[in-house]
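I have placed the structure first, in the form of C-alpha cells, so that the comments after it can refer back to it.
The values are calculated or read from the model by the stated rules, or taken from the named source; none is laboratory data. What you see is a predicted model, and the numbers here were worked out from it, not measured in a lab. We place every Cβ from the backbone using ideal geometry, glycine too, and count neighbours over all the protein chains shown. SASA here: full protein model, heavy atoms, side chains in, ligands and nucleic acids out. Shrake-Rupley method; radii C 1.70, N 1.55, O 1.52, S 1.80 Å.
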Amino acid sequence: MNTATTTATAGCRRILITGGAGFIGSHLCERLLNEGHDVICLDNYFTGSKNNILHLLHNKHFELVRHDITTPYLAEVDEIYNLACPASPVHYQYNPIKTIKTSVMGAINMLGLAKRTKAKILQASTSEVYGDPVIHPQPEYYWGNVNCNGVRSCYDEGKRCAETLFMDYHRQNKVRIKIIRIFNTYGPHMHPNDGRVVSNFIVQALSGKDLTIYGDGCQTRSFQYVDDLVEGMVRMMATPDSFTGPVNIGNPCEFTMLELAELVIKLTKSKSKIIHLPLPADDPKQRRPDIALAKEKLNGWQPLIPLEEGLKRTIDYFRHSFFTK
Ligand code: NAD
Ligand code: UDP
C-alpha cells in the first residue's frame, strides 16, 4: 500500500503539483487545499513565482519545494499533477533544449515516482499536440499536423513524447495515468511578460500601448477561463482507473485575434490602437476543442465562464497587481 495513504487522514490525500507556482498550478494548489488535501508544490521558478502562492504559505497543509523535475524527486504521494513546463512560446523557445528535457525527462522522473508510490498521475498535455490542425474542431482521435523540427517543436514534440511515455508506463507498468489536452487558458496569475496573447493585450491596453496583432489577426483560438480548467482537472483525476484519456479540456467558443483585441480595448476602456506585426513561424491558423468526450466522461463538465466575464476578472487582476500606485 502507498504509505502516503496510510498516513493521510480519511478523505485527505497527499498531492504533488509540479509547476505549482505557475499560472495554472497556483490555482490548482488553492483548489486542492480548499478541499482539505495536503499539497506539495514543486517548482524551479523558471516562469512561476512565489507571489502566485504567497497567500497559501500560512496553510500548514501546504509545502513548497524548489526543485527541477529534470532530476528525480522522492516523496510519498497519492496523486501527482504534472504541470511543470514553460507554456508560452516566448518562454519555451528561450531555451528549447531545456524545454524538451523538462517534458521528456520530467515525465520519466514523475512516472517513476508514480510507479514506485502507486500514485495516480495526471499529465498537463496541450492542444499543441494537434499542431496546425487540418481537422476542425479537434477531436482526441485526430493525430495532428506537427512540424518536428521547427521553433515550436521543442514544446509540441516534447508534449507528444510525454504522452507516449505516459501510455507506455500505463501499458507496461500499469501506472494509473490521466492525460488532459489543455486548450488556451487565461486568468489571474498569468505572467505579465510571458508573451501570450491575452496577457499581452491586457497589459498593452492598460498601459496605453498599441495592441500587437501578429499577422492579419484572422487566426483563431478558443479561450478557457482558468477556473473551468481546474474543475476539469479535478474531475479527470477522479475518473475510474480504466479511463486514461487523452481528453480535451477547453472552451469551444472560438474567436479571431482581431475580435479578442477589440474586446480587450472595449473592456479596459483603453485608447490603445491595434497594430500588425509579422506572424511567428508555425503559428497555428485555427484551434477549437471538440469537448464531447470531456462532457461524457467528466460528469457533464463544460466551461461555465464566457470570455467577456473571464476577461473582466483577468483585467481586474492585472489592474490591481501591476497598475495601481
Ligand atoms: P506557467 O509557465 O505559468 O507554469 C509552468 C510552471 O512550471 C512554472 O511555475 C515554472 O517555473 C515551472 N517549471 C518549468 N520548468 C520546470 C522544471 N524543469 N522543473 C520544475 N518546474 C518547472 O504555465 P501554465 O500556463 O501554468 O502551464 C502549466 C502547464 O499547463 C504546462 O505544462 C503547460 O504546457 C500546460 N498547458 C497550458 C496551457 C495554457 O493555455 N496556459 C495550454 C496547454 C497546456
Ligand atoms: N498573438 C498576437 N499578438 C500577441 C501575442 C500573440 O496576435 O501579442 C497571436 C499568436 O500569433 C497566436 C495567438 O495570438 O496566433 C495565440 O498566441 P499565444 O502565444 O497566446 O498562444 P498559442 O499560439 O500557443 O496558442
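In the stretch 37-67, of all residues being more than 10 Å from ligand 1 (Cβ to nearest atom) and part of a strand (DSSP E or B), the one that is most open to solvent (accessible area, probe 1.4 Å) corresponds to 63. Among the candidates 124, 87, 107, 75, the residue that is of a type in the set (A, V, I, L, M), more than 12 Å from ligand 1 (Cβ to nearest atom), open to solvent by less than 60 Å² (accessible area, probe 1.4 Å) and touching a residue at least 24 places away in the same chain (Cβ under 8 Å) is uniquely 75. Just need a number here: residues in the stretch 9-36 that are open to solvent by 10 Å² or more (accessible area, probe 1.4 Å), more than 10 Å from ligand 1 (Cβ to nearest atom) and not acidic (Asp, Glu). Of the residues in that region, 10 qualify.
Inspect all residues belonging to the stretch 65-79 and state whether any of them is within 16 Å of ligand 2 (Cβ to nearest atom) and modelled with pLDDT of 95 or more. Explain how you work it out, then say what you get.
Just the residues of the stretch 65-79 that are within 16 Å of ligand 2 (Cβ to nearest atom), to begin with: none.
No, the stretch 65-79 contains no residue that is within 16 Å of ligand 2 (Cβ to nearest atom) and modelled with pLDDT of 95 or more.
Being within 16 Å of ligand 1 (Cβ to nearest atom) and not hydrophobic (A, V, I, L, M, F, W, C): is that true of residue 147 here? Taking the combined requirement at face value, the residue does not satisfy it. So which residues in the stretch 135-159 are in contact (Cβ under 8 Å) with a residue 60 or more places away in the chain, part of a loop (DSSP other than H, G, I, E, B) and not charged (D, E, K, R), if there are any at all? Passing the criteria: 136, 137, 139, 147, 150, 151. Whether a residue is within 15 Å of ligand 2 (Cβ to nearest atom) and in contact (Cβ under 8 Å) with a residue 60 or more places away in the chain was assessed, and residue 132 passes this test.
With respect to residue 242, is the statement that it is buried (at least 18 other Cβ atoms within 10 Å of the Cβ), away from ligand 2 (no atom under 12 Å from the Cβ), modelled with pLDDT of 95 or more and not hydrophobic (A, V, I, L, M, F, W, C) true?
no
Among the residues of the stretch 250-309, those that are among the hydrophobic types (A, V, I, L, M, F, W, C), at pLDDT 95 or above, open to solvent by 20 Å² or more (accessible area, probe 1.4 Å) and closer than 27 Å to residue 151 by Cα comprise 255, 258, 274, 275, 277, 279. Of the residues making up the stretch 154-176, none is within 12 Å of ligand 2 (Cβ to nearest atom), surrounded by fewer than 19 Cβ atoms within 10 Å (Cβ to Cβ) and within 27 Å of residue 260 (Cα to Cα).
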